[in-house]
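Worksheet: the structure to be examined is printed underneath.
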Amino acid sequence: MEFLLRDNQKEKIQVVRAVAIFMVIVTHTVLFNPYEIYIRPFVNPAVGIFIFLSGLLTKEEIQGKEILSFYKRRLLRVFIPYTLWSIIYVVFQGNYDTAIKDYLTGNCCSTFYYILVYMQLVVIAPLVGMLIRSKLWWIGFIITPVAIIAEYILAYYGINLTYPYNINNFLVWFIFFYMGMFIRIRYKNKKKVSSTGINVTCIILIPLCITLELLEGHFWLSMGRDDFANTQVKLSAMCTAIVVCILIASIILNNSERKPFKLFVLIGDASFGLYLIHQLLIGIWGRYFPNLIIASDYWFIIEAVIVLIIGFIIIYILQRILGKKIGRILGVY
């Protein structure tokens, strides 16, 4: 059976993107907060979710002449906005001396490593499909754990992969893309799969995974490794994100015809634009309007909501003015 998504399932994906982009914004407003280590486990799955959805929406068969078309469509979709917005961030931050290096490593903006990871995964997508259909399909599920353990071992021996090199390679994110494509290729009959058991199991496992993530975070803090304490790229954080992605897949692929809240769908439609612009908004706020920042340990959540609202309004207006064709080039779609 061909893998097809109904309209309400596509809308569910946009709702998931809306929630995930808010999680991304919180990740950057909670930085240096004394409660960051307790907040991060709840928002760390965001990048994994976006990569998982990319895999879920990747065509099953990519071969022959289709490969070039696939590359052109997927890579240009992010390469042009990546370049344009990288220039914007270089000008805003004034980091001209390291601009070329930052551009090549996804560091013109601290979140742009994701685009480089995405492009790497797009390039290997045909090979991923071949692996999923092979007898060695299980290898795809161990690549990311092995890559993270390798980073642990290097850190133990004093060899630290500093940002962005610890997260701008596809190996540490591969499992999410692989899971998405795996479900798309192997999931053949939606009507015969009950989501109740999957949902209950995931809801039980998520708090356990978050607890493990908190314990691992405190362990790294005790070792003087703040970078590992809050990072998304640690084994416990990956476990949380994996379970969350399984729950998301169950919700998206079930047969419910319930219509999602329209505003969330619109925010999901604007999620890429919000991803590109939110760090700029946070930077402008901190540089030009510091008096509007409240000195409170809980301010980060209010700031995240305000950045989301302002960013969404800007992107929504640009979408209506530019239209989809130009809007995609500039990254507002």
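The values are calculated or read from the model by the stated rules, or taken from the named source; none is laboratory data. This is a predicted model, so every value here is computed, not measured. Cβ atoms come from the backbone with ideal geometry, glycine included; neighbour counts cover every protein chain shown. When the accessible area is computed, the model is the full protein with side chains, heavy atoms only, and any ligands, DNA or RNA have been set aside. Shrake-Rupley method; radii C 1.70, N 1.55, O 1.52, S 1.80 Å.
Between ASN160 and ILE204, what length in nm is gained on full extension when 0.36 nm per residue of separation is reduced by their alpha carbon distance? Don't skip to the end; give the middle numbers.
Working: separation 44, 0.36 × 44 = 15.84 nm, distance 3.45 nm.
Net length gain for the segment: 12.4 nm.
Across the options LEU280, VAL332, LEU308, the greatest Cα extent toward the positive end of the charge dipole of region 235-333 (unit charges at beta carbon of Lys, Arg, Asp, Glu) belongs to VAL332. Modelled spin-label separation between TYR288 and ASN8, with each label point placed 7 Å from Cα along the Cα-to-Cβ direction: 4.5 nm.
Using the Kirkwood formula on the Cα atoms of region 188-277, what hydrodynamic radius do you get, in angstrom to one decimal? The answer is 15.7 Å. Annotation: for a label point projected 7 angstrom from Cα along Cα→Cβ of PHE79, residues of region 86-123 with backbone N closer than 13 Å are 116, 119-120, 122-123. Scaling the Cα radius of gyration of region 137-253 by the globular reference 2.2 N^0.38 Å produces a ratio of 1.20.
Sorting 44-51, 15-22 by their mean Cβ neighbour count within 10 Å, with the most densely packed peptide first, gives 44-51, 15-22. Pairs spanning more than 30 Å between alpha-carbon atoms, out of LYS59/LYS262; LYS65/LYS262; LYS135/LYS324; LYS135/LYS325: LYS65/LYS262; LYS135/LYS324; LYS135/LYS325. For region 225-271, rounded, prolate or oblate, judged on the Cα gyration tensor with a ≥ b ≥ c (square roots of eigenvalues), a/c < 1.5 rounded, else prolate if a/b > b/c? Because a/c hits 1.5 or more and a/b fails to exceed b/c, region 225-271 counts as oblate.
What is the ratio of the Cα radius of gyration of region 67-226 to 2.2 N^0.38 Å, where N is its residue count, to two decimals?
1.27
At most 14 other C-beta atoms within 10 Å and a DSSP loop state: those are the exposed GluC sites (Glu not before Pro) I care about. Give me the longest piece of the chain that has none.
Working: sites that count: GLU2, GLU60, GLU61, GLU257.
Result, exposed sites excluded: 62-256.
Membrane-span-like helices in the chain, defined purely by DSSP H runs whose alpha carbon atoms cover 30 Å or more axially and whose average Kyte-Doolittle hydropathy reaches 1.6, are 299-330. Protection proxy ranking of 269-275, 25-31, by the mean of other Cβ atoms within 10 Å over each peptide's residues and highest first, is 269-275, 25-31.
In the chain, carbon and sulfur make up what percent of the accessible area (probe 1.4 Å)?
Values: 11910 of 16830 Å².
Here it works out to 71 percent.
So what is the relative contact order for region 1-70, in percent, with contacts set as C-alpha pairs under 8 Å and at least six apart?
Details: 24 pairs, mean separation 21.3, N = 70.
Computed over region 1-70, the figure is 30 percent.
Please check which bits of region 4-47 a label hung off TRP299 would reach, taking the label as a point 7 Å along Cα-to-C-beta and the cut-off as backbone N under 17 Å. Under 17 Å, as judged by backbone N against the label point of TRP299, lie 26-36 of region 4-47. For region 98-185, the list of chymotrypsin sites (Phe, Trp or Tyr not before Pro) that fall in a loop by DSSP and count at most 15 other C-beta atoms within 10 angstrom reads TYR157, TYR165.
Reported to the nearest whole Å, the Cα centre-to-centre distance from region 291-321 to region 65-139 is 26.
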